[in-house]
Amino acid sequence: MTDAFTGKLGILGGMGPQATQIFYQWILDRTPAARDQDHIPTLIYSDTQMPDRTEAILSGDEGPVEERLLKDCKILETCGCSAIAIPCNTSHYFADRLQDQLTVPIIHMPRRTVLRLADAGKKKVAILATDGTIVTGVYRKALEAAGIVAYEPDSQTQKKVMSLIYDEIKAGEKGNRHTFAAIDRAVREAGCDGAILGCTELSVYREYHGLSSFYIDAMEVLAEECIKFFGLKPLLV
């Protein structure tokens, strides 16, 4: 095990706060460490005052969100972070624009997730995410580029996804199993052989309730990719 790391991991969180807490715990759980010094030095900036990303995208008023994301990333960069992780799927709509103005890499959660799906030989995958993430096509474009059919839920199912995210998880609830069961039924009946948990609030739901391997958790992929960035092999959990 290494005695020292070069640089540190920067986590830009707060979108939402519970997801950020779980994300860091997942990094700790998956890091092969026998002592404090074996863990990755990490700086967490939980910017809970970030404007809602979906609202900004759907309204077309993207400027304030993009400016704040860049400012926050610059803070992490200035503090010596050698890579930045953003455990918020919708924020990755802005990732390429942010990356152009940074000298350290943003570990791109959607693209890394799609690479896993391609390696697993998936053919048709459902995208469970906010309206903002769906509208921007962040996952759809990556899936199509990998030769995977992207399935976006019908309007009624998407309303259930948004309700689970905003009315339940973001509101501090653990999420209604019946709501998720209806979502699960819809994507399986559509012929999908997998589904992306493309919102970190859905990752929180999975942490509370557990889900089968039919679902790939983008936030879990990001946690593992952060560990790999620092030259370590993630533990299986």
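The values are calculated or read from the model by the stated rules, or taken from the named source; none is laboratory data. None of the values given here were measured: they were computed from a predicted structure. Cβ sites come from the backbone with ideal geometry, for glycine too, and all protein chains shown count toward neighbours. Accessible surface areas use protein heavy atoms only, side chains included; no ligands, DNA or RNA. Shrake-Rupley method; radii C 1.70, N 1.55, O 1.52, S 1.80 Å.
The charge dipole of region 110-218, taken about the Cα centre with unit charges on the Cβ atoms of Lys, Arg (+1) and Asp, Glu (-1), comes to about 260 debye, rounded to the nearest 20. Reducing region 5-83 and region 142-184 to their Cα centroids gives an inter-centroid distance of 23 Å. Annotation for VAL237 and ASP167: the two label points, set 7 Å from Cα along the Cα-Cβ direction, are 3.0 nm apart. The H on the amide N of ILE44, modeled in the peptide plane, is under 5 Å from the matching H of ILE11, each at least 5 residues off or on a different chain. Counting only the Cα atoms, region 110-218 fills a convex hull of 85 Å³ per residue.
If you take the beta carbon distance between ILE75 and ARG35 as r and set R0 to 25 Å, what does 1/(1 + (r/R0)^6) give as a FRET efficiency, to the nearest 0.05? Walk me through the numbers on the way to the answer.
Details: r = 29 Å, r/R0 = 1.16.
Step by step, r from the Cβ atoms, then E = 0.30.
Projecting label points 7 angstrom from Cα along Cα→Cβ for ALA146 and LYS228 puts them 1.1 nm apart. Heavy-atom accessible area, probed at 1.4 angstrom with all protein chains present, ranks LYS170, LYS159, LYS124 as LYS159, LYS170, LYS124, highest first.
For the chain, compute the orientation-averaged projected area of the C-alpha convex hull (one quarter of its surface), in nm². Could you put the intermediate results ahead of the total?
On the way: hull surface 49.4 nm².
For the chain, the mean projected area of the Cα convex hull comes to 12.4 nm².
When only Cα pairs below 8 angstrom with a gap of at least 6 residues are kept, the chain shows a relative contact order of 25 percent.
With the whole protein complex present, LYS141 retains an accessible surface near 120 Å², based on a 1.4 Å probe.
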